[in-house]
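Presented below is the structure to which this report refers.
The values are calculated or read from the model by the stated rules, or taken from the named source; none is laboratory data. Predicted model, so just to flag it, every value in this text is computed and none were measured. Methodologically, a virtual Cβ is constructed for each residue, glycine included, from the backbone with ideal geometry; neighbour enumeration extends over all protein chains shown.
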Amino acid sequence: MPSNHLIVLPSSPAASESYSAADEEIGQGISLAQENLLRQQKPDGHWCGELLVDSTLCSDYVVFMHWCGEVDAHLQRRCVRHILKRQLPDGGWNIYHGGPSEINASVKAYFALKLAGCSVDAPFMQEARATIMRLGGIPQMNTFSKLYLALVGVFPWKYLPAIPIEMVLLPSWAPFHIYKMSSWSRAMLIPLSIINHFKPTRILAGEKQLHELYPLGTEQADLRLPRSEKFWTWRNFFLRLDDTFKFLQPLRIGLLRQRAMEAAEQWMLERIREGSDGLAAVYPAMLNSMIALRALGYSKTNPVYAKAENDFAGLFVDDPEDFRIQPCLSPVWDTAITIIAL
């Protein structure tokens, strides 16, 4: 039988481990943890801790500012410091603490630094470029990351999956409709369908392009998503479906497309206006919604866009030593978990 000074941890039948701790030490630890949690309680009673993630959020935001043509120089400098602080010894960037260099995070970081004015000849940029090329370059990025590159003319739209906006009109009895997706996915996809329709592109100056991150160049390379070797696979099915959507997209059946556009816009507006902390209150959907609003013609001073922008700024962590952007706020999770712990 274990003594009163042992904490027995759950274990598999094959192994059993226990850690020795005095009752007094355990009590002190619990008291300190309780005091710390109570200090962090908000005036109205809830808790909300910071959600720490990788450098991609700051990288994407720099690209967004350049796409808008509205660069906040101070914020950009803070984003640059954030990105450089997280560069790994091999020159790349990871997507989780202690992880290896990852292609999407590395390309995004390199691009943000280049847009911000960092010289491609700087040692840290050369190291980043070498790691990116070792990982396969831009062709190895995921389609979501490539879309942000397409917005500034760095990746061809024709190689991105089509997102037919008409999906918003599908009825609930259809095999597929937007409410069969998770809330997070739905909030991502509807703004993306608007973006995919307009393809709002700002062409950057030649020195800001990313030709150096294409192993075979941008003209000769086949940048389509590769098909499976077998004829019938789910991958090939969806790629052929995408080909069909792209074939039909130029037709833009007038009334149907217009009705779908209005429905998608209204769906988005209802979830951005007062009573919301932003579309789905999550970074990708909120950023996509701002891009979609601009594509729809909403100006920076439009009240709807101004609120979306203000909600997005609510994700900023204004640390003078290390500016950060959170992917979302989590008061419900944090409050529930803290109450259980206390």
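General remarks:
- Residue that is surrounded by the fewest Cβ atoms within 10 Å (Cβ to Cβ) [pool: residues in the range 287-323 that are in contact (Cβ under 8 Å) with a residue 24 or more places away in the chain and polar (S, T, N, Q)]: ASN288
- Per-region count, the range 172-213, residues among the aromatic types (Phe, Trp, Tyr) and part of a loop (DSSP other than H, G, I, E, B): 2
- The lone criterion from (1) in the same structural domain as GLY69 (by TED's automatic domain parsing); (2) surrounded by 14 or more Cβ atoms within 10 Å (Cβ to Cβ) left unmet by LEU223 is number (1).
- Output for the range 114-124, where each listed residue is among the hydrophobic types (A, V, I, L, M, F, W, C) and either crowded, with 17+ Cβ neighbours inside 10 Å or at pLDDT below 95 (or both): LEU115, ALA116, CYS118
- Hey, ILE138 touching a residue at least 60 places away in the same chain (Cβ under 8 Å), more than 17 Å from PHE316 (Cα to Cα) and more than 19 Å from the chain's Cα centre (by Cα) or not: no
- Filtering the range 287-322 to residues that are in contact with a strand residue (DSSP E or B) (Cβ under 8 Å, 6 or more places away or on another chain) and aromatic (Phe, Trp, Tyr) leaves only PHE316.
- Every residue from the range 77-92 that is under 21 Å from LEU204 (Cβ atoms) and within 18 Å of the chain's Cα centre (by Cα): CYS79, VAL80, ILE83
- Residues of the range 214-244 that are more than 25 Å from the chain's Cα centre (by Cα), assigned to a helix (DSSP H, G or I) and of a type in the set (Phe, Trp, Tyr): TRP234, PHE237.
- For the residues HIS97, HIS82, HIS66, the requirement of being within 21 Å of ASP319 (Cβ to Cβ), modelled with pLDDT of 95 or more and assigned by TED's automatic domain parsing to the domain that holds LYS199 singles out HIS82.
- Where helices (runs of 4 or more DSSP H) fall entirely within the range 69-163, those with at least 3 residues that are small (Gly, Ala, Ser) are at 103-115.
- Enumeration of residues in the range 38-67 that are crowded, with 17+ Cβ neighbours inside 10 Å and not in a loop (DSSP other than H, G, I, E, B): THR56, LEU57, CYS58, SER59, ASP60, TYR61, VAL62, VAL63, PHE64, MET65, HIS66, TRP67
- Taken over the range 236-251, the criterion of being surrounded by 12 or more Cβ atoms within 10 Å (Cβ to Cβ) and under 16 Å from PHE198 (Cα atoms) is satisfied by PHE245, LYS246, LEU248, GLN249.
- Residue pairs meeting the criteria (Cβ under 8 Å; at least 6 apart or on separate chains; first within 30 Å of ARG77 (Cα to Cα), in the range 324-341; second acidic (Asp, Glu) and not in a strand (DSSP E or B)): ARG324/GLU50; GLN326/GLU50; LEU329/ASP277
- ALA281 buried (at least 16 other Cβ atoms within 10 Å of the Cβ) and closer than 23 Å to TYR179 by Cβ: yes
- Summed over the range 157-199, residues that are touching a residue at least 24 places away in the same chain (Cβ under 8 Å), touching a Leu at 6+ places or on another chain (Cβ under 7 Å), surrounded by fewer than 17 Cβ atoms within 10 Å (Cβ to Cβ) and farther than 18 Å from THR244 by Cα total 0.
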